[in-house]
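To start, the structure under review is shown below, and the notes come after it.
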Amino acid sequence: MKKICLIFNHFRHQDGVGRSALAVANILSRNKLAAVTLIPIYTDEKSFHNLLEPQVRVKHIFGFYFHGMPHIVDRLPLGWLNKMIKPQEYDIVVGFQFGISIRCVASAKLDERIAKFAWMHGYDNGLTLRDEYERIGKVVCVSKCNAMRLRSELPTIVTDYSYNPIDEKTVQESGLQPSPVSKPINGPLLITVGRLSPEKGFGRLIKVLKKIKDEGIAFTLWIVGEGPLDSDLHKLVHDLNLENDVLFLGRQNNPHKFTAKADLFVCSSYSEGYSTVCTEAIMLGVPVLSTNVSGAEEIIEEAECGKVVGLDDESLYNGLSEVLQAPSVIDEWKNTLLTTRSRFYAGTRIQRLVNTLKLNES
């Protein structure tokens, strides 16, 4: 059995890349396809380990994080970090996140038998790590559209795509847990999950919903997550008199128990790779309305329901207004997901991951 390590930033509940790493590790381990070691450079939440298959190893580098720490780590010699990572102990080494993990893999002097990969969750606009991609030689994107774009912009490397497999069993079992917050009865329940940071577009989502409320349309929005815009978003909700319509649920170890109770998942982001939280919502039977970030059209096309709107604020408003004025479409979407959500299950996607990592080759 081949030994593989995934190197990334944080292993924690609220981190999409960390959840993707957990899913990959569990699927490969459960199916006896590889011996997996997860190597988070910074945060390593011990409570997250409870979701791992017992055979999966976690070996963090620092095990903690503070504001500004990446700027310090970026100045450390890559050779020192690789002494901590020990990539030579594996058959496959994956820089699973943009930044320091890919730089470490690119700089590692390894035997030719050891396969190296860079994983591109979002798109590296401007190809700031071009030199690293060329040294590694193989880049895997998590959406087909980004793979096509990278092939055209950097034809000198091998480019492939593999949707991040997500362990539907873990997601769906977590969704069955009761929510401590009662579902409102006045209008559809919308939910969004993510770090409260500028790229997620939560501020514009709140402003759009204010406009919709002023038109007499009822709804409730749950926001799950924490981040640097926490106080700003709370103030915005207060200033717009939306306290009874928008509820902040903070950081949650299990966001699925909230998502499973919702009618519609809303992704208001300005940029994404291939949204993990949108995929998790679909697994829970909750349809998605998303801005046209990378992978959104692929998600909606495969689900055969939901809606993709433009990246601008007006398109987000028009799309949400259209759905909330005719909410019966949400029930139609939910019925569709009863048959199409299995397309997102790990069992459907595992073979592409195996082929991409060449786990079936001796």
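Could you tell me whether any residue of the range 306-315 is crowded, with 20+ Cβ neighbours inside 10 Å, at pLDDT 95 or above and out of contact with any strand residue (DSSP E or B) (no Cβ under 8 Å at 6 or more places or on another chain)?
no
Select from the range 147-156 the residues that are in contact (Cβ under 8 Å) with a residue 12 or more places away in the chain and either of a type in the set (Gly, Ala, Ser) or touching a strand residue (DSSP E or B) at 6+ places or on another chain (Cβ under 6 Å) (or both) and list them in ascending order.
Correct list: 147, 150.
What about residue 60, is it under 12 Å from residue 8 (Cβ atoms), at pLDDT 95 or above and either crowded, with 17+ Cβ neighbours inside 10 Å or under 21 Å from the mean Cα position of the chain (by Cα) (or both)?
Yes: the conditions hold for residue 60.
Do you know which residues across the range 121-146 are in contact with a strand residue (DSSP E or B) (Cβ under 8 Å, 6 or more places away or on another chain), among the small types (Gly, Ala, Ser) and either crowded, with 19+ Cβ neighbours inside 10 Å or modelled with pLDDT under 90 (or both)?
Selection gives 143 alone.
So the check is Cβ under 6 Å with 6+ separation or different chains; which pairs have a first residue in the range 81-100 that's under 20 Å from residue 63 (Cα atoms) and buried (at least 23 other Cβ atoms within 10 Å of the Cβ) and a second one that's among the polar types (S, T, N, Q) and at pLDDT 95 or above?
From residues that are under 20 Å from residue 63 (Cα atoms) and buried (at least 23 other Cβ atoms within 10 Å of the Cβ), the pairs are 95/101; 97/9.
Looking only at residues in the range 84-112 that are in a loop (DSSP other than H, G, I, E, B) and within 19 Å of residue 356 (Cα to Cα), which one is farthest from the chain's Cα centre (by Cα)?
The selected residue is 112.
Among the listed residues 186, 241, identify the single one that is farther than 25 Å from residue 163 by Cβ, out of contact with any helix residue (DSSP H, G or I) (no Cβ under 9 Å at 6 or more places or on another chain) and of a type outside the set (Gly, Ala, Ser).
186
Considering only residues of the range 266-275 that are polar (S, T, N, Q) and crowded, with 21+ Cβ neighbours inside 10 Å, which is farthest from residue 209 (Cα to Cα)?
275
Quick test of your reading of the structure: residue 263 fulfils all but one of (1) touching a strand residue (DSSP E or B) at 6+ places or on another chain (Cβ under 8 Å); (2) surrounded by fewer than 19 Cβ atoms within 10 Å (Cβ to Cβ); (3) under 17 Å from residue 321 (Cα atoms). Name the failing condition by number.
Unmet for residue 263, out of (1) touching a strand residue (DSSP E or B) at 6+ places or on another chain (Cβ under 8 Å); (2) surrounded by fewer than 19 Cβ atoms within 10 Å (Cβ to Cβ); (3) under 17 Å from residue 321 (Cα atoms): (2).
Taking the range 161-178 as the search range and keeping residues that are surrounded by fewer than 17 Cβ atoms within 10 Å (Cβ to Cβ) and either of a type outside the set (A, V, I, L, M) or in contact with a strand residue (DSSP E or B) (Cβ under 8 Å, 6 or more places away or on another chain) (or both), which one is farthest from residue 20 (Cα to Cα)?
178
In the range 305-320, is there at least one residue being of a type in the set (Gly, Ala, Ser), within 26 Å of residue 212 (Cβ to Cβ), out of contact with any Phe, Trp or Tyr (no Cβ under 8 Å at 6 or more places or on another chain) and in a helix (DSSP H, G or I)?
yes
Keeping to the range 146-200, report how many residues are of a type in the set (S, T, N, Q) and under 24 Å from residue 342 (Cα atoms).
Residues flagged as of a type in the set (S, T, N, Q) and under 24 Å from residue 342 (Cα atoms) within the range 146-200 amount to 8.
Sort out which residues of the range 205-258 are surrounded by fewer than 17 Cβ atoms within 10 Å (Cβ to Cβ), basic (Lys, Arg) and either under 24 Å from the mean Cα position of the chain (by Cα) or assigned to a strand (DSSP E or B) (or both), and write them in order of number.
Selection gives 251 alone.
Against the condition modelled with pLDDT of 95 or more, in a loop (DSSP other than H, G, I, E, B), assigned by TED's automatic domain parsing to the domain that holds residue 140 and within 23 Å of the chain's Cα centre (by Cα), how does residue 39 come out, does it pass?
When the stated conditions are applied, residue 39 does not pass them.
The values are calculated or read from the model by the stated rules, or taken from the named source; none is laboratory data. Remember, it's a predicted structure, so these values are computed and weren't measured experimentally. Cβ coordinates were reconstructed from backbone atoms using ideal geometry, including for glycine residues, and neighbour counts include every protein chain displayed.
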